[in-house]
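Visitor: Before I ask anything, let me first share the structure, which is written out below as structure tokens.
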Ligand SMILES: [Fe+2]
């Protein structure tokens, strides 16, 4: 008797994944792992962009989003592009510019460098340019093509579509690196823009409830459905453990550290070290916790489906509304007082290695932990 497998069955057109099929046809490498150092990934010629690229598939990427790396060789530029999916671009390396042509025919250009963040408004024409004749530029694009391709499974509709989304362009200042702040509440304050020139000096807002001295901002980029937020962990500190749905692509921006992952039924913690270049996505409802071991504040961004403006899925809406509720009260967050003592013991060991003093003593009884 023939056995059914979960793999795509091409002959019978059964259990297809049009997005993954498309990635295969593009002819560039596809990397899949739990955490990936994108700076170290080998790219290959990508005809679509007249550049180089690789698909970067985090294991916890979920159903809606994925990432690709786009490499511009020294002096290189992409061919003009247009497509019916959203992209949030994080600049990993290099200096260059992007030109976006709005539905009204006006062109907007902005210059980016390492740790810039920008969005490509839906279905606008754009082109990336490497501003250096000597160094490559490496962009990490997180996009919702998996959702769009699996919904329409028609390449021509997605890449050759004239529909103009006028409302996605926003005011001109959003292309120039300025934006509009909307105060919501700690953890959900909004900065609406298309372009953040340098994530490392962007002013964040306090969000104490997620961790001692934590701060963050939620971006609304190009009136998009894709979400991005940035968080900072102070020196010598770590955030509270929490969990949520999959698909949040986390990119380390400044500092170094590690994140622990665990599920209810597991005895041990899975640890992923990070620094600029590393991306991972916490798997569905897996607990995770971020630890800064650097002698400086550590920043990271998280990119995925469901912006603060358009949460898109119920789980994203509920995650925002209930993100600070303790796990014992039906929420998603583990308060310091409730965490497994082993977590703080691991922290103290890691800090011993770096020589950076722990500044968690005022929140956790460290003498007690070291005895256990
Ligand atoms: Fe998280």
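Visitor: Away from the ligand (no atom under 16 Å from the Cβ), part of a helix (DSSP H, G or I) and not assigned by TED's automatic domain parsing to the domain that holds residue 57: does that describe residue 360?
Guide: no
Visitor: Moving to a separate point now. Can you confirm whether residue 316 is in contact with a strand residue (DSSP E or B) (Cβ under 8 Å, 6 or more places away or on another chain) and modelled with pLDDT under 95?
Guide: Values: in contact with a strand residue (DSSP E or B) (Cβ under 8 Å, 6 or more places away or on another chain): yes; modelled with pLDDT under 95: yes.
Criteria met by residue 316.
Visitor: Right, next: If you check residue 195 against the conditions, is it touching a residue at least 24 places away in the same chain (Cβ under 8 Å) and more than 16 Å from the ligand (Cβ to nearest atom)?
Guide: yes
Visitor: Could you grab me the full set of residues in region 47-65 that are over 18 Å from the mean Cα position of the chain (by Cα) and over 19 Å from residue 135 (Cβ atoms)?
Guide: Residues satisfying the conditions are 47, 48.
Visitor: For the subset of region 208-229 comprising residues that are outside any strand (DSSP E or B) and within 16 Å of the ligand (Cβ to nearest atom), which member is surrounded by the most Cβ atoms within 10 Å (Cβ to Cβ)? Give the derivation first.
Guide: Here is the first cut: in region 208-229, the ones outside any strand (DSSP E or B) are 208-210, 212-214, 222-225.
Adding the requirement that they be within 16 Å of the ligand (Cβ to nearest atom) leaves 209-210, 214.
Details: 209: 15, 210: 20, 214: 22.
Filtering region 208-229 for residues that are outside any strand (DSSP E or B) and within 16 Å of the ligand (Cβ to nearest atom), the one surrounded by the most Cβ atoms within 10 Å (Cβ to Cβ) comes out as 214.
The values are calculated or read from the model by the stated rules, or taken from the named source; none is laboratory data. Just so it is clear, the model here is predicted, and its values are computed rather than measured. Every residue, glycine among them, receives a Cβ derived from its backbone with ideal geometry; neighbour counts consider all protein chains shown.
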